[in-house]
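Take a look at the structure below.
What follows draws every value from the coordinates through simple rules; no lab data is involved. The model shown is predicted, which means the values in this text are computed figures rather than measured ones. Because the Cβ atoms are built from the backbone with ideal geometry, glycine has one as well, and the counts that use them run over all protein chains shown.
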Amino acid sequence: MATAAHREAGHTPADVPSGKGRRFALVVSRWNIEITDALRQGAYDTLVQHGVDPADIVQEWVPGSFELPAGAQFLLARGGLDGVICLGSVVRGETPHFDYVCQGVTQGVMTVGLKYGVPVIFGVLTDDTMDQARARSGGALGNKGVDCAEAVLHMAALKARC
């Protein structure tokens, strides 16, 4: 629930801050591209909808989800970004590979964000089936790329206020 001071400032938890004048990057896994490109499009469209100039959205592709943290780090090392969204899709298989990839990516995304002091958003779907991934990338359960774009806008605004 929003505090009285927060409401007086005209903010509620549902408000999505403007991204006008801010620069963001989308780092997207090529693995499961049907899913990741849908996530990318949802994130991109949402950033633009909230005032980010398309010229201020950097889009880079990496081979798989495991490479997302390194891709984010490469971009952040160049400077000039207000946030990065890492988008991937890992679908459970018959081996423990799923667990290792998911754990590594999760830790890596968090570490890069803390290292650079810039919001780095975890937008990796970790599903049991491709049908579940489709449902979360523009299907019946919405598009998690949209949620990630809203999250990066919130976090960039928070950083600017701090």
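At a 10 Å Cβ-Cβ cut-off, how would you order D128, D45, D147, fewest neighbours first? Let's see the in-between values first.
Values: D128 11, D45 14, D147 17.
Ordered by Cβ neighbours within 10 Å, fewest first: D128, D45, D147.
Between 0 and 90 degrees, rounded to the nearest ten: what's the tilt of helix 97-116 against the longest Cα principal axis of the chain?
It works out to around 30 degrees.
What does the convex hull of the Cα atoms of region 30-161 come to per residue, in Å³, rounded to a whole number?
Roughly 96 Å³ of hull volume per residue.
What's the exposure ranking of F122, F74, going from fewest to most Cβ atoms within 10 Å? Write out the running numbers ahead of the final one.
Values: F122 20, F74 15.
Ordered by Cβ neighbours within 10 Å, fewest first: F74, F122.
Report, for the chain, the % of DSSP beta bridges that are antiparallel, rounded to 5. Could you put the intermediate results ahead of the total?
Values: 2 of 21 bridges.
Roughly 10 percent of the beta bridges in the chain run antiparallel, per DSSP.
If you take the Cα Rg of region 86-158 and divide it by 2.2 N^0.38 Å, with N the number of residues, what do you get?
On the way: Rg = 13.4 Å, N = 73, 2.2 N^0.38 = 11.2 Å.
Ratio of Rg to 2.2 N^0.38 Å for region 86-158: 1.20.
Report ³J(HN,Hα) in whole Hz for each residue of region 117-122, in order, from the Karplus equation J = 6.51 cos²θ - 1.76 cosθ + 1.60 where θ = phi - 60°; Gly and Pro get x.
x, 10, x, 10, 9, 7
Pull up all non-local amide H partners of V58: gap of 5 or more, or a different chain, and H-to-H distance under 5 Å with H placed in the peptide plane.
F24, A25, L26
Please identify the longest segment of the chain free of exposed trypsin sites (Lys or Arg not before Pro), where exposed means a DSSP state other than H, G, I, E or B and no more than 15 other Cβ atoms within 10 Å.
Details: sites that count: K20, R30, R92.
Counting at most 15 other Cβ atoms within 10 Å as exposed, the longest clean stretch of the chain is 93-162.
Using a 10 Å cut-off around each Cβ, can you sort Y44, Y100 from fewest to most neighbouring Cβ atoms? Could the numbers behind the result be given before it?
Details: Y44 21, Y100 12.
The most exposed by this proxy come first: Y100, Y44.
Just grab the label-to-label distance for T111 and E94, each label 7 Å out from Cα along the Cβ direction, in nm (one decimal).
It works out to 3.2 nm between the two label points.
Might you report the magnitude of the Cβ-based charge dipole of region 101-162 about its Cα centre, with Lys and Arg at +1 and Asp and Glu at -1, to the nearest 20 debye?
Numbers: 6 positive and 5 negative charges, 66 e Å.
For region 101-162, the charge dipole is close to 320 debye.
Using amide H atoms built in the peptide plane, which far-off residues or other-chain residues are under 5 Å from R30 H to H?
V62, G64
Charges only on Cβ, +1 for Lys and Arg, -1 for Asp and Glu: so what's the dipole of region 30-161 about the Cα centre, in debye to the nearest 20?
On the way: 10 positive and 15 negative charges, 75 e Å.
My answer is approximately 360 debye.
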